[in-house]
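The values are calculated or read from the model by the stated rules, or taken from the named source; none is laboratory data. None of these values were measured; they are calculated from a predicted model. Here the Cβ is made from the backbone with ideal geometry for all residues, glycine too, and neighbour counts use every protein chain on show. Each accessible area value is taken on the protein alone, full model and side chains, heavy atoms only, with ligands, DNA and RNA left out. Shrake-Rupley method; radii C 1.70, N 1.55, O 1.52, S 1.80 Å.
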Amino acid sequence: MSLNEDKFEALHYTLNKTFLLKQLPFVAELETYYTPEGLEIEPKECVRDLGIQLSNTQMSWENQIGKMTSDARRISAWVLRAFKTRAKRTMLILYKSLVRSKLEYCCPLWDSPKISDIQQVETIQRKFTKRIQYMCNLNYWDRLKRLGILSLQRRRERYSIIMVWKMANGEAPNNIGIRFYQNDRLGLRAEVPTCPTTTQSSVATKFHNSFASRATRLWNTLPSDVNSAKNLTAFKVLLGEWLKRMPDRPPVPGYTRQNNNSILDWILLVSREGEA
């Protein structure tokens, strides 16, 4: 199969981005790539691959989240203009099918733990649910309970856990090499990958927040009766029931929060309350 070399793009991830380093002659040579036909591949600050915006700016997902929330905001505004009704059932159907789907595409990959990113995505659902009948006087956390829906932050963690289950049960390729083992008391567990202690702190933080590290830690919070399910449908049901026990209070500007609302934050508190 021949490839269109005119469409090749190069994306560089560099730890040291100082101006002086870029002036050295050999740096340009190291960052220059050519196609088999001898064409220089054009370097880019941001590239799009399968609908995901990849940026070399601090290896962040700001471009992806910005583009995604912009599209979702535009569709949300169209829905509110095109449909006069504000009935709960109709509004939720429209939101789930037209708006929320835009905010969850490939979310296990780009899921960001940054509070600003979480709030930016959550704002779309927060503002839409406020327009639903009888919901305008409730705060966002109470609206989630009344409508019976999860925060977008919690749904992204749910998707990551489901992806790990698929890897463990051979329903999705385990290309990142997550290792699983059986524990007599805790059920199926995943080994959390680690990076060397000498790793630069910024790189270690990125590694800690990557899917391989974050998703395995989320998986290891599950009790044995949930992670041992062998059927995907049964697993989703058990996971949903287990998540109902977790408080869901996503970061919202102006709200006093107890933590960052991750399952990793709540699991310790829920465990302590259960022991008490």
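Restricting to the range 45-77, and then to whatever is among the aliphatic types (A, V, I, L, M) and within 18 Å of the chain's Cα centre (by Cα), can you tell me which residue is most open to solvent (accessible area, probe 1.4 Å)?
The extreme case among them is LEU50.
Select, from LEU138, LEU80, LEU94, the only residue that is open to solvent by less than 60 Å² (accessible area, probe 1.4 Å) and in contact (Cβ under 8 Å) with a residue 40 or more places away in the chain.
Criteria check complete, one pass: LEU80.
Looking at this structure, is GLU42 acidic (Asp, Glu), modelled with pLDDT of 85 or more and open to solvent by 70 Å² or more (accessible area, probe 1.4 Å)? Steps first, please.
Details: acidic (Asp, Glu): yes; modelled with pLDDT of 85 or more: no; open to solvent by 70 Å² or more (accessible area, probe 1.4 Å): yes.
Answer is no for this residue.
For the range 213-237, give me each residue that is open to solvent by 20 Å² or more (accessible area, probe 1.4 Å) and under 14 Å from TYR159 (Cα atoms).
ARG214, ARG217, LEU232, THR233, LYS236, VAL237
Can you work out which of the residues in the range 238-276 that are acidic (Asp, Glu) and at pLDDT below 85 is most open to solvent (accessible area, probe 1.4 Å)?
My answer is GLU275.
Please find, among ARG131, ARG126, ARG156, ARG143, the residue that is in contact (Cβ under 8 Å) with a residue 12 or more places away in the chain, of a type outside the set (Asp, Glu) and in contact with a Cys (Cβ under 7 Å, 6 or more places away or on another chain).
Details: ARG131 fails: in contact with a Cys (Cβ under 7 Å, 6 or more places away or on another chain); ARG126 fails: in contact with a Cys (Cβ under 7 Å, 6 or more places away or on another chain); ARG143 fails: in contact with a Cys (Cβ under 7 Å, 6 or more places away or on another chain).
The unique qualifying residue is ARG156.
Counting just the residues of the range 243-262 that are touching an Asp or Glu at 6+ places or on another chain (Cβ under 9 Å) and not aliphatic (A, V, I, L, M), which one comes out farthest from ASN139 (Cα to Cα)?
Here the residue is SER262.
Which ones in the range 55-89 are at pLDDT below 95 and of a type in the set (Phe, Trp, Tyr)?
Result: TRP61, single match.
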